[in-house]
Amino acid sequence: MAAGSAQAGGSVVSSPPPPPPPPQGLGGWLRAAYRFATDRNDFRRNLLVNVGLFAAGVWVARNLADIDLMAPQPVA
């Protein structure tokens, strides 16, 4: 058989499982958030976590950049 040719007999192509229904109520949202946070192979979760951490770092850099942490503090 030549390289790149299709094999006879066919292969079974499985479709991904249907997505779960949207969460209902607070318990459903908490379960969905827990499942989302603990899924180890989820590209979307990693992307969202990294973007969130980046945004938090940008916020800290923009809002705390003018504070000199080494300066003596005024005595009240």
Next item on the list: Kindly list, by first and then second residue, each pair from a residue in segment 46-63 that is closer than 18 Å to Ala33 by Cβ and open to solvent by 70 Å² or more (accessible area, probe 1.4 Å) to a residue that is part of a helix (DSSP H, G or I) and not charged (D, E, K, R), limited to pairs with Cβ atoms under 9 Å and residues at least 6 apart or on different chains.
Entry: Leu48/Phe36; Val49/Ala37
Item checked: Residue in segment 64-73 that is most open to solvent (accessible area, probe 1.4 Å), counting only those that are hydrophobic (A, V, I, L, M, F, W, C), modelled with pLDDT of 75 or more and part of a loop (DSSP other than H, G, I, E, B) -> Met70
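How many of the residues making up segment 25-45 are exposed (fewer than 10 other Cβ atoms within 10 Å of the Cβ) and at pLDDT below 85?
Going through segment 25-45 one residue at a time, the tally reaches 5.
Looking only at segment 10-45, how many residues end up being acidic (Asp, Glu) and either part of a helix (DSSP H, G or I) or in contact (Cβ under 8 Å) with a residue 24 or more places away in the chain (or both)? Give the steps one after another, and end with the answer.
Applying the first criterion (acidic (Asp, Glu)) to segment 10-45 yields 39, 42.
When the remaining residues are screened for being either part of a helix (DSSP H, G or I) or in contact (Cβ under 8 Å) with a residue 24 or more places away in the chain (or both), the result is none.
Residues flagged as acidic (Asp, Glu) and either part of a helix (DSSP H, G or I) or in contact (Cβ under 8 Å) with a residue 24 or more places away in the chain (or both) within segment 10-45 amount to 0.
The values are calculated or read from the model by the stated rules, or taken from the named source; none is laboratory data. These numbers come from a predicted model, not from an experiment. Here the Cβ is made from the backbone with ideal geometry for all residues, glycine too, and neighbour counts use every protein chain on show. In case anyone asks, the SASA skips ligands and DNA or RNA and just uses the protein heavy atoms, side chains included. Shrake-Rupley method; radii C 1.70, N 1.55, O 1.52, S 1.80 Å.
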